[in-house]
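Report on one structure; see the data block that follows.
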Amino acid sequence: MAGALAFTGVGHLSFAREGFAVAVPDWMPGSKDATVLASGVVELALAAALASGVQRKQVGRATAAFFAAVFPGNVHQYVKHLDASFLNSDQRRLVRLYFQPLLVAWALEATRED
């Protein structure tokens, strides 16, 4: 999960920046680009925290909360039929909506303390 978040965080800050801006809902305050950059920084911070193993449970909860927080952007992109990179059809955007709860569950399960 740390690797996936790091890759996505780098994408937010560089090669996929414009594509991620499409998903930012119009009601978000500030510029879409600033939101994309901020989310990229958060993803990189979460990736580093997950990789460190420190405070696993708290980091898992924060990661799950982040995945939940970006869900409205995914809904916005689906409802508005907005293309970005490989999300170029309503079917693909809809499938992504179903994966978001799985990401939340993965973050919580992967960092669960036994």
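The values are calculated or read from the model by the stated rules, or taken from the named source; none is laboratory data. Worth saying up front: this structure is predicted, and the values here are computed from it rather than measured. FYI the Cβ positions are ideal-geometry reconstructions off the backbone, even for glycines, and counts take in every protein chain you see. To get the accessible areas, we keep the full protein, side chains included, count just its heavy atoms, and leave off ligands, DNA and RNA. Shrake-Rupley method; radii C 1.70, N 1.55, O 1.52, S 1.80 Å.
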Residues located in region 35-56, provided they are within 15 Å of the chain's Cα centre (by Cα) and of a type in the set (S, T, Y): T35, S39
Over region 67-87, the set of residues touching a helix residue (DSSP H, G or I) at 6+ places or on another chain (Cβ under 8 Å) and either aliphatic (A, V, I, L, M) or free of Cβ contacts under 8 Å to residues at least 40 places away in the same chain (or both) is A68, V70, F71, V75, Y78, H81, L82, A84, F86, L87
Working only within region 76-102, note down all residues that are at pLDDT 95 or above, open to solvent by less than 50 Å² (accessible area, probe 1.4 Å) and hydrophobic (A, V, I, L, M, F, W, C). L97
Restricting the search to region 22-55, which residues are surrounded by fewer than 18 Cβ atoms within 10 Å (Cβ to Cβ), more than 30 Å from R112 (Cα to Cα) and among the hydrophobic types (A, V, I, L, M, F, W, C)? V22, W27, M28, A34
Please tell me if A51 is of a type in the set (G, A, S), more than 18 Å from A105 (Cβ to Cβ) and at pLDDT 95 or above. yes
